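This report refers to the structure that appears directly beneath it.
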Amino acid sequence: MGETTGALGGTLRRGLPRTAGGEAWPPATAVRTAPSQPAPTVVEAAEEPAAPTAPPAPAVPGRRAGLPRTAATAAPAPATPVATPVAAPVAEAPAAPAAAASVALAERAPLPFTRSVWPGAAAATRPAPAPEPKRIGPFTKLQWAGAAIVGGFGLLFAAGMVVLFTRWFLSLEFMQEFLAAYPGEYHLPEGAPVGIPPWLGWQHFFNVFLMVLIIRSGLTIRSEKRPSVFWSPKSNGRRKMSLTMWFHQALDLLWIVNGLLFVILLFVTGQWMKIVPTSWAVFPNAISAALQYVSLDWPTENGWVNYNSLQQLAYFTTVFLAAPLAIITGARMSWVWPKDAKTLNRIVDVEWARRLHFPVMLYFVLFIFVHVVLVFATGALRNLNHMYASQDAVNWTGFWIFVLSLVVIAAAWIAARPLVIAPIARLFGKVSGR
């Protein structure tokens, strides 16, 4: 190994010869620029003929050539000295602003696909859809309010037209003769009692009290999905029913007892003649009374002595038709009905009882509503005295008794809940949860 000095003053170390007995490599003519010089590196090579079979590889500045591919072939050298300047390193300009601009441009540019997770910082945001309004049946509350207003005006208009038509109809000559022959009531049989005894007033209050609670418990049964409290008789713990059902049937039993006592006292005291038709004249007089009500020229009320024929038919239907029908259909669906009586079960079908029991309840609701309206519209103080104070006078006695009865009924309505009913039910059976 040896050292040689190049033309530019640089020292180049030489290695072993490429062939045996040859000159050390690289040749003495090759010069390398000293690393400390700032000038570009120049590699010079002596001219040697290029190999005929393979063209010389291009010289790479600063890279040492390797051994020949075969023993007979010398390492190729460049034909002529080639000076390849090595460019000094150039400091790169900061690319942060350009990169940020390109990122912002990319965010603003539309994407070739639809985003499925995050819409991007610059993407337009849509407001959340408004929640669907709560519906009661087919309509919302606002729609029901609008329908009630429109329907109310429509019914009011229709009612006004009916009143005007009825007044015109009753003004005709043949209708005037009809009203003179059938004023709306007929005379009661001889010996019919006059006045309303105190027992009838108490029966009236107790009947209303029970009917209101029966209607409340019946509606609760229809809306109750999963009862939480059950009642079973002491003799058979496996036979369970909901506490609401027990309460409903207990009220039914009290109502039946009260109704039987009412009917017995009606026939004992002769009061039955006021509510049981005793002449076929009841039907034309009922038509006459109905027309007078519709025309708003109402018939004269004298319930202390006699009811008009329309009232008489309404009371008779309620006491002797609707009440027994409610009792039979209710008993058919209750646990007291004999399940093994095939003939009786075939006569009174349970599906028929279910379909009929609810409409009968609606009839009682309508009867109570019309009854209360007529009591207040045809002389409230006198009528309330007949019903609650057993006197034919116009004062406030019957009114205050009526108000007190409403307070009692309202308190019973509020108290009709498992917390109050359960202790009473335990006196007659077992009360348990699910």
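Once a ≥ b ≥ c are taken as the square roots of the eigenvalues of the Cα gyration tensor of the stretch 182-432, is the result rounded (a/c under 1.5), prolate (a/b larger than b/c) or oblate (a/b not larger than b/c)? Prolate. Using the Cβ of L374 as centre and a radius below 15 Å, the other residues enclosed give a net charge of -2, where K and R count +1 and D and E count -1.
Of the peptides 410-422, 212-224, the order by per-residue mean of other Cβ atoms within 10 Å, starting with the highest, comes out as 212-224, 410-422.
Whole-Hz Karplus values for the stretch 183-189 come out as x, x, 8, 10, 6, 6, x Hz, taken residue by residue from phi with 6.51 cos²θ - 1.76 cosθ + 1.60 and θ = phi - 60°; glycine and proline positions read x.
Remark: for residue pairs K225/K339; K274/K339; K225/K430; K134/K240; K234/K339, the C-alpha separation exceeds 29 Å in K274/K339; K134/K240.
Looking only at the stretch 297-314, which residues have a backbone nitrogen under 20 Å from a spot 7 Å from the Cα of R167 in the C-beta direction? Under 20 Å, as judged by backbone N against the label point of R167, lie 297-300 of the stretch 297-314. Of the peptides 170-183, 338-351, the order by per-residue mean of other Cβ atoms within 10 Å, starting with the highest, comes out as 170-183, 338-351.
Take the Cα of L142, step 7 Å toward its Cβ, do the same at I287, and the gap between the two points is 5.1 nm. Model label points for V372 and S279, set 7 angstrom from Cα along the Cα-to-Cβ axis, are 3.5 nm apart.
Read-outs: derived from the displayed coordinates by stated rules, not from any lab. Please read all numbers here as calculations on a predicted model, not as lab measurements. Ideal geometry is used to build each Cβ from the backbone, glycine not excepted, and the neighbour counts take in all protein chains shown.
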